[in-house]
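Report on one structure; see the data block that follows.
The values are calculated or read from the model by the stated rules, or taken from the named source; none is laboratory data. From a predicted model like this one, the values you see are computed outputs, not experimental measurements. Every residue, glycine as well, gets a Cβ built from its backbone with ideal geometry; the counts of neighbours run over all protein chains shown.
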């Protein structure tokens, strides 16, 4: 059964795109036919796979505005036969404005993905750091929402807003939407405050929180500069190993469901 997962958080800098690209890479390596949709106008997930943004080829903007199809926009990643990426450009920020008066605008992405969703096992959508129309489109198309959560003081406050948005989308737009999981990122095992935050989150959210945590690892930030996810650039780094283990946890959860 295919699974569409939106990776979402209203706050930037929490490891959202890092999670999207590394999960997509490890899922494909595990044999899952995988598609990554870069749905952030910043296009960082596009850069992380070494895809040029200025080549004039179709992007997710063209998909959303009807200028191109999902298949037109999908790039097969060299050396990763199971992985496709739909790139983003800054033009996508204009799509939010262009779609404001469009009928059923919140279902635009879902309608487009229906053309190809049965061809993939997992589809990951990297959302922008906001809860605007693009993120609403992603959540309307998704089966699950994966929420990266940095281990910091204000994490719970931001999380409550995201969970409230997911509940509203579920009630009014997408009744099949569930919280896929909450992923603790940038964790420092030697930091007592991080451990306190971890305990607090797990006590409040229980099984919604993944067992795997992503440590703070410079490799994960360095790798995109070389056009590669961290799990390819340095597969034995702590962060890369954590994402590999996260994929295994997700596969195990899928088998149990």
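Scanning segment 213-237 for residues that are in a loop (DSSP other than H, G, I, E, B) and either without any contact (Cβ under 8 Å) to a residue 60 or more places away in the chain or closer than 16 Å to residue 15 by Cβ (or both) yields 213, 214, 216, 217, 229, 234, 235, 236, 237. Residue count for segment 60-76, restricted to those that are free of Cβ contacts under 8 Å to residues at least 40 places away in the same chain and either farther than 17 Å from residue 116 by Cα or out of contact with any strand residue (DSSP E or B) (no Cβ under 9 Å at 6 or more places or on another chain) (or both): 7. The number of residues in segment 14-59 that are touching a strand residue (DSSP E or B) at 6+ places or on another chain (Cβ under 9 Å) and under 22 Å from residue 162 (Cβ atoms) comes to 17.
Residues that are more than 28 Å from residue 235 (Cα to Cα) and surrounded by 12 or more Cβ atoms within 10 Å (Cβ to Cβ) within segment 203-222 comprise 204, 205, listed in sequence order.
So which residues in segment 44-57 are in a loop (DSSP other than H, G, I, E, B) and either at pLDDT 95 or above or more than 16 Å from residue 94 (Cα to Cα) (or both), if there are any at all? Result: 49, 50, 51, 52, 54, 55, 56, 57. Residues in segment 107-142 that are buried (at least 18 other Cβ atoms within 10 Å of the Cβ), closer than 12 Å to residue 169 by Cα and modelled with pLDDT of 95 or more: 8 in all.
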